[in-house]
1. Any idea which of Ser170, Ser106, Ser164, Ser177 is touching a Ser or Thr at 6+ places or on another chain (Cβ under 7 Å) and either over 29 Å from Leu84 (Cβ atoms) or free of Cβ contacts under 8 Å to residues at least 24 places away in the same chain (or both)?
2. Mind listing just one residue for me: the one in segment 162-178 that is within 20 Å of Lys37 (Cβ to Cβ) and surrounded by fewer than 17 Cβ atoms within 10 Å (Cβ to Cβ) and, of those, farthest from the chain's Cα centre (by Cα)?
3. May I ask you to say which residue of Ser118, Ser87, Ser45 is in contact (Cβ under 8 Å) with a residue 12 or more places away in the chain, of a type in the set (Ser, Thr, Tyr) and outside any strand (DSSP E or B)?
4. Report whether or not Ser45 is modelled with pLDDT under 95, farther than 25 Å from Ile167 by Cβ and under 18 Å from the mean Cα position of the chain (by Cα).
5. Can you list the strands (runs of 3 or more DSSP E) found entirely within segment 179-218 that contain at least 1 residues being surrounded by fewer than 12 Cβ atoms within 10 Å (Cβ to Cβ)?
Amino acid sequence: MKRLVTLLLLLIASLFAKADKLDGNWRGMLELGQGAKLVLGIEISTIDGQDIVYLDSPNQGMVDHPVENLELSQDEIRFDTPELNASFDGTITGNQIVGVFTQGKSFDITLTKLSDKSTARLENEVRWYGDLNVTRQATLPLVLNIAVIESGYYATLDSPQQQSFGIPLSDFSIDESKLSFTSPIINASYSAKKVDEMWEGTFVQGAAMPLNLKKKPL
């Protein structure tokens, strides 16, 4: 009986060790080619001994996408996402998952587990929507996508009306009161101040144009 109790305690300790090691948000850069990038994320949690995994693509506004056919151990993770016609297969080493994401093509990717400090920055992972006042009569819808990675942020800009998505941004900065970025690829910059729940700012691309950003409307 004593041996059985000991084995049970070891098993419980092993399960808790697994949860402590894997539970959390894992993020990496998906290199799509020709300079195009997206942040890919995996959320792992353990509830009542059951492993739960979600797939995130914050630059595309996709969060908490359920996975199927999950295989998860302390050293490996594999799953499918039939709705996206995608799969992931990775090896877990320390605070990194080195794997392959397949969706039509296969892409190598390394995911890093977010530290507590980086996890706290997830509150800034928001899509912001605004209409650029090009002229008094014309506006251009823009979407700012903010994704958290361990080293900081990876932000992109969408211009749906122009069918342009994932425009990379540089020098991205955000805090409680200020937001700014540049985009060398379109020779543009933006700076804004927080007013209530909105960013009030100026978008500069040749000329300075007002641009206020709000969270996605209901």
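The values are calculated or read from the model by the stated rules, or taken from the named source; none is laboratory data. All values derive from a computational prediction rather than experimental measurement. Cβ coordinates were reconstructed from backbone atoms using ideal geometry, including for glycine residues, and neighbour counts include every protein chain displayed.
1. When all the criteria are applied, what remains is Ser170.
2. Gln162
3. Ser118
4. Considered against the rule, which asks whether it is modelled with pLDDT under 95, farther than 25 Å from Ile167 by Cβ and under 18 Å from the mean Cα position of the chain (by Cα), Ser45 comes out as yes.
5. Answer list for segment 179-218: 188-195, 207-215.
Residue-by-condition table, conditions (1) of a type in the set (A, V, I, L, M, F, W, C); (2) surrounded by 17 or more Cβ atoms within 10 Å (Cβ to Cβ); (3) at pLDDT 95 or above; (4) assigned by TED's automatic domain parsing to the domain that holds Ser164:
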residue	(1), (2), (3), (4)
Glu31	no, no, no, no
Gln34	no, no, no, no
Gln50	no, no, no, no
Val53	yes, yes, yes, no
Asp89	no, no, yes, no
Gly94	no, no, no, no
Val98	yes, no, yes, no
